[in-house]
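Shown next, in structure tokens, is the structure this report addresses.
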Amino acid sequence: MSGVTLVNLWVKNSAEIQRKRVETKPFITNPKAVEKCTRYVDTDLNRAFSPENLSAPEGDDLPYEVQRAQEINRIFGPKGSPEAYDVIFDLHNTTSNMGCTLILESSKDHFNLQMMNYIKKAIAPASCLVLLNEHPLLKYSTSRSIAKHPVGLEVGPQPQGVLRSNIFEAMRVILKHALDFIELFNEGMEFPPCTVEVFWVSERIDYPRDANGNIIAMVHPNLQDCDWEPLNPGDPMFQTFDGKTIHYQGPGTVYPTFINEAAYYEKQQAFVITRRETLVASAIRKA
């Protein structure tokens, strides 16, 4: 709801997001889902931007979100082309206790790394972590993937269909600083090399299930709401319905996030595990 509400505000009055040297376009990607106050109508739009979907013959028989993905690709793309938008900010809320999280698609995207470093410094001492999602088997076809520099933003915890003022304002502030960064870049400012701490997604963890695929355990109380905190071998991970503890058996310390995310039950995901790394961003300056 935070992103939807902000975009609707900016559609009515875009003064807040205008910069002299930045062209911005607020856009609701899934209006039918917004109208129904649901995540999607036929299929998850944030998995619909695959080459197969974008190149499929157009027609009313396609799922609504696939039709919408093709339309969005025509407006902001085409994906992978020189004409594609430079940056897309993909605004999301999460039910997980993740706080403010920027999602980076590539460790080699030095523009985005510099932007995220700028945002992190601008909002300090408040926290904004960076999730790096570039594992070839774990990436998915998001709306932001159309842009040359895709940026995801997750802010939570916030229940689906609910608007919380603190979450709303946190998202708003991050977008302000992101646009300020782009304006400075377009004015010719040079950003020197920097380091950025990221959490690299290495694996998705599903809930324990029985032979029929039914969930037989919940996220353990010691892990619930502990996004980004270290999970060590032997730490409690799940709790079965009869009270037994299932422990983490991995080889070393990891950092789970998207813990017990409501939207991911259908995707058979209890959380993702990440490994903390430091990336070096090269200096950038507009040519």
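Annotations for the structure displayed:
- Cβ-derived FRET efficiency at R0 45 Å, residue 212 paired with residue 124, nearest 0.05: 0.40
- Förster-model FRET efficiency, 30 Å R0, residue 169 and residue 269, C-beta, rounded to 0.05: 0.55
- By accessible area, using a 1.4 Å probe on protein heavy atoms only, the range 187-236 has 50% of its surface on carbon and sulfur.
- Shown here for the range 14-74: GluC sites (Glu not before Pro) in loop regions (DSSP other than H, G, I, E, B) with at most 12 other Cβ atoms within 10 Å, namely 23, 58.
- Here the Debye sum runs over all C-alpha atoms of the chain as equal scatterers in vacuum, and log10 of I(q)/I(0) at q = 0.11 Å⁻¹ comes out as -0.69.
- The fraction of accessible area contributed by carbon and sulfur in the range 103-161 is 60 percent, rounded to a whole number (1.4 Å probe; ligands and nucleic acids excluded).
- In the range 190-236, the convex hull through the Cα atoms has an average projected area of 5.9 nm², a quarter of its surface area.
- The range 41-134 pair-distance distribution - Cα-Cα, 10 Å bins, rounded %: 13, 36, 32, 16, 3, 0
- Across the range 1-44, Cα pairs under 8 Å and at least six residues apart give a relative contact order of 31 percent.
- A simple count of charges around residue 20, restricted to other residues whose Cβ falls under 13 Å of its Cβ and scoring Lys, Arg +1 and Asp, Glu -1, yields -2.
- The chain: Cys lacking any partner C-beta under 4.7 angstrom: 37, 194, 226
- A Förster radius of 30 Å combined with the Cβ-Cβ distance from residue 23 to residue 262 puts the calculated FRET efficiency at roughly 0.30.
- Entries in 108/148; 20/286; 36/79 that, when Cα-Cα distance is taken, lie over 20 Å: 36/79
- In the context of the full set of protein chains, residues of the range 82-234 present 43 Å² of accessible surface per residue (probe radius 1.4 Å, heavy atoms only).
- Residue-averaged 222 nm ellipticity for the chain, from DSSP H runs of 4+ at -39500 (n - 2.57), nearest 500: -7500 deg cm²/dmol
- The order of 271, 27 by accessible area, most exposed first and with a 1.4 Å probe, is 27, 271.
- A convex hull fitted to the Cα coordinates of the range 195-286 yields 127 cubic angstrom per residue.
- Sequence ranges 188-196, 152-160, 164-172, ranked by mean other-Cβ count within 10 angstrom, highest first: 152-160, 164-172, 188-196
- Backbone N atoms of the range 243-280 closer than 15 Å to the 7 Å Cα→Cβ label point of residue 197 belong to residues 254-256, 274-280.
The values are calculated or read from the model by the stated rules, or taken from the named source; none is laboratory data. Fair warning: this is a prediction, and the values are worked out from it, not measured in the lab. Please note: Cβ atoms are built from the backbone with ideal geometry, for glycine as well, and neighbour counts cover all protein chains shown. Heads up: the accessible areas ignore ligands, DNA and RNA and are worked out on the full protein's heavy atoms, side chains in. Shrake-Rupley method; radii C 1.70, N 1.55, O 1.52, S 1.80 Å.
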